[in-house]
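Participant: After the structure tokens below, expect a handful of questions from me.
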Amino acid sequence: MLQEARVSESDLDRVRELLRTRYHPRDHEEAQELILGALQDVQQIIGWVPHEAAVIVGDHLGVTENRIYGLLTFYADFRIAPPGKHFMLLCHGSACYVGGSQRLIDEMQQRYGVHGDETTSDGELTLQIVNGCLGVCDLAPVIHLDHIYYGHLTSDSMNETISEAIRRGPTPGAHEAH
Amino acid sequence: MDRHLAPTKLTDRAAFNVLAEEAAARFGAMATGSVWTVSVGISECSISKGALDTFEHLRMKLEDSGLRYQLRRVGCGGWCWAEPFVTVSGPGMPLILYGNVDAERAPDIVAAMQRGMPAFDLAVGTVGSEPYGDIRPTREHPFFARQRRVLFEDCGVIDPESIEDYIARGGYSSWAKALFEMTPDAVIDEMKIANVRGRGGAGFPAGIKWESARRARAQPKYVAVNSHEGEPNVYKDRRLIESNPHLVLEGTLLACYGIGSERGYNYIGGEHVLALKRFRQAVNQALEYGLIGDNILGTGVNVEIRTRAGGGAYICGEGSALMYSVMGERGQPRTKPPRSVEEGLWRRPTMLNNTETIATAPSIIRNGGEWYASMGNEKSTGTKLVTFQGPLKWLGVIEVEMGVSLRDLIFETSGGMQDGYSFKGVQTGGVSAGPLLEDQLDVPVDFDSLQPLDAMLGSGGFVVFDESVCAVDFARYLMAFNRYESCSKCTPCRLGNPALVEIVDRIRLGNGRPGDIELIERTSKHVIELSLCGLGQVAPMPLLGMMKAYPAEFRAHIEDGICACGVCPTSRRVTTAIAAGG
């Protein structure tokens with residue numbers, strides 16, 4: 001899906017403010033150690049890492065844009081496109097697999113047309129499949145939708161949960177703290 | 001709930017001892033005082049079950065209760081199955097653990113307190129050794145009976161966001177002991193006597209590692225703690241950090257002192273948000289008291305602690321990849337030698353320990369290496385954190401002495417299978433080894449006993465699966481994980497793992513060919529022998545393990561196109577076979 005990625009100047013100001021107040025490397029080694037953390041913080045603030053923000057981080061820490069994108073595309077946590085109005089993690093750890101998470105993944109593909117790190121065509125929902133583990137295995141299979149965990153899911157109960165979230169409308173900061 | 005004593009920087013040991021006595025007195029007063037103490041477990045696992053709502057409801061009810069009370073936060077106690085949990089002690093009443101206290105049930109606790117009674121129907125047990133009425137001690141509960149809590153001793157007991165709570169329970173006394181009574185060599189000697197083996201999976205003796213790091217002549221040198229924990233069924237390290245961050249921090253300080261380093265790193269998976277927050281907070285608190293930083297307690301010893309966040313790549317749990325990630329690079333392993341103890345972070349000697357390994361150091365320094373070595377068995381000493389998942393009754397983080405049998409852990413401690421499920425196997429070693437069958441479960445859980453069975457202790461994550469899980473499909477899942485997480489640096493892993501997934505996929509689809517088993521074995525051999533790092537070298541193991549454990553299932557898929565579990569999208573031949581009673 002092609003969509004014009006926009007970022008507001010005020011979000012970028014928040015990034016600048018973050019770097020100014022919290023990122024003071026004493027040398028270039030420390031600056032490099034801080035890149036990943038800074039990008040995580042940017043994603044917390046904006047929900048994704050826009051090109052403009054990547055450049056600001058690179059300039060502040062003295063590393064190239066190239067280097068930043070090398071990291072953004074290697075590490076699974078980062079998004080370089082804006083997420084949908086709702087954000088959902090679907091855990092696919094071993095315990096969730098044993099509990100039937102593959103059926104949930106298939107359902108997302110069939111019903112919403114999303115697989116892996118994708119956003120539905122109506123821009124409502126971004127799905128991220130967690131290849132590691134959300135660490136709440138006793139709830140398996142489990143999703144984390146707009147900050148709330150829903151466990152012991154079937155395809156039906158997952159669909160209901162998603163429909164309910166979409167009916168409620170966007171949650172402010174739904175993308176944060178992932 | 002934040003007791004904030006304005007922290008003053010401690011400048012000598014006497015000042016630390018005064019603080020420790022005050023903190024212990026205050027903590028002890030909770031159990032004996034005339035006020036009710038109500039503690040709610042707040043960690044990522046309990047938050048997922050609504051613990052914050054429980055806390056809020058308790059707060060509102062307690063405010064209107066007319067009782068004298070203290071409401072506090074504690075960490076995760078490992079009993080996921082009882083979350084959200086609350087512990088309550090009060091006038092004339094021992095500490096009682098209540099389980100599954102959601103927001104709706106929270107008022108029941110307060111109502112019972114007002115009657116001066118326990119909430120009997122929510123009680124899991126009393127925390128001490130004495131029963132209270134019909135409420136038996138938790139230690140008699142099968143989930144707790146076999147446990148020996150060392151690392152998790154204070155988890156669910158102390159407020160993880162309070163350094164004073166940690167100090168009250170003896171925290172940082174090992175650090176003070178090392179600084180004032182022990183040479184670095186003496187610290188290493190205790191680690192060697194304890195014979196702690198690396199909890200990350202390899203099982204290399206930590207004391208030997210510390211010694212070789214001490215011998216590295218280049219300066220500066222560093223300690224790095226691996227709290228990445230990206231495996232698909234392991235969450236013990238993040239629970240430990242969420243519940244007792246200072247324990248991991250104190251262990252890191254002892255390692256720095258032992259090897260002669262002035263800087264320690266803790267690399268925590270970026271998705272472990274609460275663990276990151278609480279560890280960073282712990283570092284700041286320790287800095288305020290002068291327990292880290294420059295000229296610690298007036299000794300002239302300096303240690304700086306840096307917390308670094310990962311980015312969600314499994315490979316960063318591998319030593320050299322972790323170092324690259326800390327340095328702001330893509331986490332791709334390199335060939336060894338040089339080993340990181342010679343050339344690690346910023347090409348300086350770096351000693352890498354797993355979170356759980358480093359967390360053993362404070363109790364070893366406090367109680368002595370011999371005390372530690374007296375637990376467990378001869379070759380695998382001490383305790384191990386293990387997690388069990390799957391359709392079992394009681395899930396959580398379990399701490400047992402090394403050597404308890406897998407059968408006991410599954411059928412006693414974890415309560416056995418849930419109703420309606422029957423045991424088919426248990427996957428061991430995360431994504432790096434094979435499963436074990438019912439008749440193999442008497443094996444002791446330690447470093448050396450599992451290997452001859454092609455299983456592995458790994459980081460202690462075990463996944464029990466039932467008869468509805470197809471071995472071929474499960475093998476495909478585990479292989480697909482390794483394919484996805486391959487860092488793509490070396491060819492055998494980058495191309496071999498997708499090839500293996502492809503072969504398993506055609507078997508799942510009912511298009512398996514004669515010779516596919518041999519093809520898998522041959523391809524696996526390439527990946528195992530030629531891959532650059534430890535992760536590639538074990539990537540095909542779960543597939544080989546599944547083939548060995550369930551050969552008939554693989555044969556049925558390949559030769560007859562039958563998936564007896566009805567999981568695999570095998571071709572129409574299956575439908576016929578099942579219709580025919582296959």
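Each reported figure results from applying straightforward, stated rules to the coordinates on display, with no laboratory input. Keep in mind that this is a model prediction, so the values were computed, not measured. Here Cβ is always computed from backbone atoms with ideal geometry, including for glycine, and neighbour counts include all displayed protein chains.
Participant: Have a look at the DSSP beta bridges in chain B and tell me what percent are antiparallel, nearest 5.
Facilitator: 50 percent
Participant: Could you give the dipole magnitude of region B:175-242 about its Cα centre, charging the beta-carbon of Lys and Arg +1 and that of Asp and Glu -1, in debye to the nearest 20?
Facilitator: Using only the charged Cβ atoms, the result is roughly 180 debye.
Participant: DSSP beta bridges in the protein assembly as shown, what fraction antiparallel, as a percent rounded to 5?
Facilitator: Values: 37 of 70 bridges.
Antiparallel: roughly 55 percent of the beta bridges in the protein assembly as shown.
Participant: Looking only at Cα atoms, what is the convex hull volume of region B:169-217 per residue, in Å³?
Facilitator: Measuring per residue, one finds 98 Å³ for the Cα hull of region B:169-217.
Participant: Using just the helices of chain B, give the 222 nm mean residue ellipticity in deg cm²/dmol: DSSP H runs with n ≥ 4 each add -39,500 (n - 2.57), and the total is spread over all residues, rounded to 500. Could you put the intermediate results ahead of the total?
Facilitator: Values: 23 runs with 224 residues, N = 582.
One gets -11000 deg cm²/dmol as the mean residue ellipticity at 222 nm.
Participant: May I have the pair-distance distribution P(r) for chain A, computed from all Cα-Cα distances with 5 Å bins from 0 and rounded to whole percent?
Facilitator: 1, 8, 16, 18, 17, 14, 11, 8, 5, 1, 0
Participant: How shielded is A:139-151 by partner chains, expressed as the average number of their Cβ atoms within 10 Å of its Cβ atoms?
Facilitator: Counting Cβ atoms of other protein chains within 10 Å of each residue's Cβ and averaging gives 2.
Participant: At 222 nm, what value in deg cm²/dmol follows for chain A if DSSP H runs of at least 4 each add -39500 (n - 2.57) and the sum is divided by all its residues, to the nearest 500?
Facilitator: -13000 deg cm²/dmol
Participant: Tell me, what HN-Hα J-couplings in whole Hz come from the Karplus equation 6.51 cos²θ - 1.76 cosθ + 1.60 at θ = phi - 60° for each residue of region B:237-245, using x for Gly and Pro?
Facilitator: Once rounded to whole Hz, the list reads 5, 5, 5, 5, 5, 5, 9, 8, x.
Participant: Evaluate the Kirkwood expression for the hydrodynamic radius of region B:456-582, namely the inverse of the mean inverse distance over all pairs of different C-alpha atoms, and round to one decimal in Å.
Facilitator: About 15.0 Å for region B:456-582.
Participant: Whole angstrom only: what separates the Cα centroid of region B:273-287 from the Cα centroid of region B:424-472?
Facilitator: With region B:273-287 and region B:424-472 each reduced to a Cα centre, they are spaced 35 Å.
Participant: Another question, then. Under a point spin-label approximation (7 Å from Cα along Cα-to-Cβ), what is the B:A14-B:D102 distance to one decimal in nm?
Facilitator: Placing both labels 7 Å along Cα→Cβ, they lie 5.7 nm apart.
Participant: In region B:1-110, what GluC sites (Glu not before Pro) fall in a loop by DSSP, with at most 13 other Cβ atoms inside 10 Å?
Facilitator: Taking region B:1-110 and a limit of 13 other Cβ atoms within 10 Å, the loop GluC sites (Glu not before Pro) found are B:E104.
Participant: What lysines sit close enough to B:K221 to cross-link, taking a C-alpha to C-alpha distance under 17 Å and skipping anything fewer than 8 places away on the same chain?
Facilitator: Answer for B:K221, where 17 Å is the Cα cut-off: B:K209, listed by chain and number.
Participant: Then there is this: Taking the inverse of the average 1/r across all pairs of different Cα atoms in chain B, what Kirkwood radius in Å do you get?
Facilitator: Over chain B, the inverse of the mean reciprocal pair distance is 25.3 Å.
Participant: Further question on the same structure: Give, rounded to the nearest 20 debye, the magnitude of the charge dipole that chain A has about its Cα centre when Lys and Arg contribute +1 at Cβ and Asp and Glu contribute -1 at Cβ. Please list the in-between numbers first.
Facilitator: Numbers: 13 positive and 26 negative charges, 29 e Å.
Using only the charged Cβ atoms, the result is roughly 140 debye.
Participant: Shifting gears a bit: Project the alpha carbons of region B:1-137 onto their principal axes and report the range along each, largest first, in whole Å.
Facilitator: Projected onto the principal axes, the Cα atoms of region B:1-137 cover 50, 32, 30 Å.
Participant: What distance in nm separates the two pseudo spin-label positions at A:E29 and B:R139, each 7 Å out from Cα along the beta-carbon direction?
Facilitator: Roughly 4.8 nm, to one decimal.
Participant: Another one. Expressed as a whole number of Å, what is the distance separating the alpha-carbon centroids of region B:56-110 and region B:138-180?
Facilitator: When both Cα centres are located, 20 Å separates them.
Participant: Of all DSSP beta bridges in region B:9-163, what percent run antiparallel (nearest 5)?
Facilitator: 65 percent
Participant: Testing the spin-label approximation: label points 7 Å from Cα along Cα→Cβ at A:D117 and B:F204. State their distance in nm.
Facilitator: With each label placed 7 Å out from Cα toward Cβ, I get 3.1 nm.
Participant: Could you work out how far the C-alpha centroid of region B:213-237 sits from that of region B:342-380, in angstrom?
Facilitator: 11 Å
Participant: Write down the Å³ per residue value for the convex hull defined by the alpha carbon atoms of region B:438-487.
Facilitator: So the per-residue Cα hull volume is 110 Å³.
Participant: Let me know the charge dipole size of the protein assembly as shown about its Cα centre in debye, to the nearest 20, where only the beta-carbon of Lys, Arg (+1) and Asp, Glu (-1) is charged.
Facilitator: Using Cβ point charges on Lys, Arg, Asp and Glu, the protein assembly as shown gives about 1180 debye.
Participant: Of A:V42, B:I365, B:L406, which is farthest along the charge dipole of the protein assembly as shown in the positive direction, counting Lys and Arg as +1 and Asp and Glu as -1 at C-beta?
Facilitator: B:I365
Participant: In region B:468-503, whose amide N lies under 14 Å from the spot 7 Å out along Cα-to-Cβ of B:T335? List them in ranges.
Facilitator: Within reach of a label on B:T335: B:490-492.
Participant: Moving to a separate point now. How large is the Kirkwood hydrodynamic radius of the protein assembly as shown, in angstrom, based on all distinct alpha carbon pairs?
Facilitator: That comes to 27.0 Å for the protein assembly as shown.
Participant: If we restrict to alpha carbons, what Rg and Dmax does region B:401-536 come to, in Å?
Facilitator: Looking at region B:401-536, its Cα Rg and Dmax stand at 16.3, 47 Å.
Participant: What's the average, rounded to a whole number, of partner chain beta-carbon atoms within 10 Å of each residue's beta-carbon in B:322-331?
Facilitator: Values: counts 0, 0, 0, 5, 3, 5, 17, 7, 6, 4.
For this peptide, the per-residue mean of nearby foreign Cβ atoms is 5.
Participant: Could you compute the FRET efficiency for B:Q418 and B:R148, with r as their C-beta to C-beta distance and R0 at 41 Å, rounded to 0.05? Display every interim value, and only then the final one.
Facilitator: Numbers: r = 26 Å, r/R0 = 0.64.
Working from the Cβ atoms, E equals 0.95.
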